[in-house]
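Heads up: the structure comes next, in structure tokens.
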Amino acid sequence: MADLPSRVLFGAAYYHEYQPYERLEADLDLMAEARFTVIRVGESVWSTWEPENGRFELDWLRPVLDGAHERGLAVVLGTPTYAVPLWLARQYPEIAGTDASGSPSGWGARQEVDYTHPAFRFHAERVIRAVTARYARHPAVIGFQVDNEPGTRIHHNHGVFQRFVDDLRQRYGDVETLNREWGLVYWSHRLSTWADLWTPKGNAQPQYDLAWRAFEARQTSEFIAWQAAIVREYASPEQFVTTCLAYGAPGLDDDELTDSLDVTAGNPYYDMQDSLTMPEPPAEKLPQQWMAHGAWALHQSADRIYSSRQEPFLITETNAQAIGGSSDNRPAFDGQWRQAAWALVARGARMIEYWHWHTLHFGTETYWGGVLPHSGRPGRVHRELAVLGAEFERAGELVAGITPDADIAMVYSAPSKWLMNAHPPLATADGGQDGGSYDGIFEPFYRGAFEAGRQVRILHARQLHDPSGARQGTDPESAARRHPVLIAAGLYVADDGTLDWLAAYARAGGHLVLGPRTGYGDQEARARHEVTPARLVEAAGVRYDEFSNLHADLPLITAPDSPLRLPAGAVATRWVECLAVDDAEVMATYDHPHFGRWPAITTRRHGAGRVTCVGTVPGRELARSLAAWAAPAPLSGWQGLPDSATAATGTAPDGRRVHVVHNWSWTPAAAHAPVDLTDVLNGSSLPAGARVELGPWDVRVFAAAPQPRTRTDG
């Protein structure tokens, strides 16, 4: 793998070409003053690199790179393929992406192009080669970002559809196999030839939907791998290749895409001001979309980025100021930039890069605020970030590449998310279909763990068991040692091997927590003909045939002698699986004249481990209680934290332990050190038990000696 600097990189995207007047030297000086160490350049301006077909202008960036190098600023150089020049659109109108109805995308935004089209590929390769050949050997360039936020659109072009048909033919062999696997006898959809396959526009069949979304994601992965291979022809072994991911993009499978990269990079944006308040922000927002709402969701964003390759990552974009457009202006309260940055670093970030340096004076993103305001004069944001830059400088290599702790692991399934987007099990408040159903099931379990003070590791299903053999899976025994608690909620699309792996994990000593919809469908999203949860009934000791949506939350009753004690206000929300007990202990039931006949939560010993079934989407109190019961001794060691405080812990590359403690509130808070600590930012020592003071919107960073671990990381 390419080398990464031994300290946290800190900086911003910088577009000197967007500035309304010459200010390069002043900008770079201000960056150095804020202790910036990195800038990202070049990815948005293909028409500047190549103003006309075949005429390249490459020298304009040289002063930026030279000036950066003089000040010790590293550079991530981007390829400009996500923003197509209009001369290319004019000369090759057929490259425009088309929607499901066949209408081509209009020009004037970005990512309007079908990036599988040969004409686009020809010109994209040419500009990639021109830019990387010109600057790959510049001493400031430490890495490359290919494209930008790939997979944000699903294209239905004729060529894309024909490749989809070819892909199906390669996967299934003949139409009779596809007829059988997709159940195309239904509604007379049997194919007699591959030419009979209908286009996605009018499709209503779940198996088709899943295959189409998976195919689109593979096109995105192939496109990025294609670009990465071109760039590596020019890059040195020390330079990394990545792309920046928007994790809500519909055409993205981040686990698969990052196989071709050296390091994961993501763009987590978050709502600031009151949204970060703990214990309870003013408005509940589930599921999360492109912007995270809440301190828990900010941490979930980081854990999703870590999950792509199960290793530390880069932040290529995050909030510099107000984010969201001209009518959505909420720049951070004092201290919140520090909090967010340190939260990301605590969960594995090796770079914090803001979008962007200078607030734009024109264009769609005029009110996506940069480090500098429209006046170009440094103000509150620059001052706050300068403090943060000095802290990263002081912390040095200790915090660059933290391996974050995990009390609880959670299985993430992109195929289940795609399927539930088109065929959701959950309803919206007005009774409509909730296309965010997967997140609506997954996120309450994550949030409950976070609010219980437990840290989470997100694991893709393919990282556990890959039936294709493309990636070696994890053996259940090792997983049970690394991750004693594993939550599988919403895992609807799963092959036999994955479900058998889950049972083996519990048998080997892990605590498997099954949430709604897990084990109901197979790898083709067909409802299984076995009793559900399929292949897990014996391990779980429960089964169900009936399920129901809920019009209102249901209060819960703790069962006699249950090891799980529920607080007042614990409720079931949105969904009930009507569990019938074969051989399991009932821990909670529904307080309802009809649903009360079925348990809400059961548990059963299985081999050396345990299987717990949660037959509903847990409300906040229930989710919090479940996490605290399943993982009773948090790895952080911090006990009795105020409701507004969190502690994120992990292991530094040199083996020392890192503790990052936050207060997400206007009210000062205090906690007590669990072990002997050294304050990383001021050098003071705190003995175990010492009082740790936290001001409003404060964060403290501590180091501790390496400690014997009862499990290894994975």
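Of the helices (runs of 4 or more DSSP H) lying entirely inside the stretch 1-102, the ones with 2 or more residues being under 21 Å from Pro139 (Cβ atoms) are found at 24-33, 62-70.
Within the stretch 495-515, being small (Gly, Ala, Ser) and within 14 Å of Gln463 (Cα to Cα) holds for one residue alone: Gly497. Select from the stretch 19-36 the residues that are touching a residue at least 60 places away in the same chain (Cβ under 8 Å) and surrounded by 18 or more Cβ atoms within 10 Å (Cβ to Cβ) and write down the one among them that is nearest to the chain's Cα centre (by Cα). So the residue we want is Phe36. Is at least one residue of the stretch 670-679 in a loop (DSSP other than H, G, I, E, B), out of contact with any Lys or Arg (no Cβ under 7 Å at 6 or more places or on another chain), more than 27 Å from Leu276 (Cα to Cα) and among the aliphatic types (A, V, I, L, M)? Within the stretch 670-679, one or more residues are in a loop (DSSP other than H, G, I, E, B), out of contact with any Lys or Arg (no Cβ under 7 Å at 6 or more places or on another chain), more than 27 Å from Leu276 (Cα to Cα) and among the aliphatic types (A, V, I, L, M).
Condition check ((1) outside the structural domain of Gly389 (by TED's automatic domain parsing); (2) modelled with pLDDT of 95 or more; (3) not aromatic (Phe, Trp, Tyr)) across all residues:
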| site | (1), (2), (3) |
| --- | --- |
| Leu252 | no, yes, yes |
| Asp271 | no, no, yes |
| Gln289 | no, no, yes |
| Ala292 | no, no, yes |
| Tyr306 | no, yes, no |
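From the list Arg377, Arg350, the one residue that fits, being modelled with pLDDT of 95 or more, assigned to a loop (DSSP other than H, G, I, E, B) and of a type outside the set (Val, Ile, Thr), is Arg377. Within the stretch 321-346, the set of residues being among the hydrophobic types (A, V, I, L, M, F, W, C), buried (at least 22 other Cβ atoms within 10 Å of the Cβ) and either modelled with pLDDT of 95 or more or not assigned by TED's automatic domain parsing to the domain that holds Trp357 (or both) comprises Trp337, Ala340, Ala341, Trp342, Ala343, Leu344, Val345, Ala346. Looking across Leu77, Leu168, Leu191, one residue alone is more than 31 Å from the chain's Cα centre (by Cα) and of a type outside the set (Asp, Glu). It is Leu191.
Conditions tested, residue by residue: (1) among the polar types (S, T, N, Q); (2) out of contact with any Gly (no Cβ under 8 Å at 6 or more places or on another chain); (3) surrounded by fewer than 20 Cβ atoms within 10 Å (Cβ to Cβ); (4) on the phi < 0 side of the Ramachandran plot.
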residue: His594; (1), (2), (3), (4): no, yes, yes, yes
residue: Arg597; (1), (2), (3), (4): no, yes, yes, yes
residue: Arg605; (1), (2), (3), (4): no, yes, yes, yes
residue: Arg624; (1), (2), (3), (4): no, no, no, yes
residue: Thr649; (1), (2), (3), (4): yes, no, no, yes
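A single entry from Arg517, Arg507 fulfils the requirement of being buried (at least 24 other Cβ atoms within 10 Å of the Cβ), in contact with a helix residue (DSSP H, G or I) (Cβ under 8 Å, 6 or more places away or on another chain) and assigned by TED's automatic domain parsing to the domain that holds Gly448: Arg517. The criterion of at least 1 residues that are more than 30 Å from the chain's Cα centre (by Cα) is met, among strands (runs of 3 or more DSSP E) falling completely within the stretch 595-639, by 599-606.
Condition first: surrounded by fewer than 19 Cβ atoms within 10 Å (Cβ to Cβ) and among the hydroxyl-bearing types (Ser, Thr, Tyr). Now tell me which residues in the stretch 173-232 satisfy that. Hits for the stretch 173-232 are Thr177, Tyr186, Ser188, Ser192, Thr193, Thr199.
The values are calculated or read from the model by the stated rules, or taken from the named source; none is laboratory data. These numbers were taken from a predicted model, which means no experiment stands behind them. As a convention, Cβ positions derive from the backbone with ideal geometry for all residues, glycine included, and neighbour counts pool all protein chains shown.
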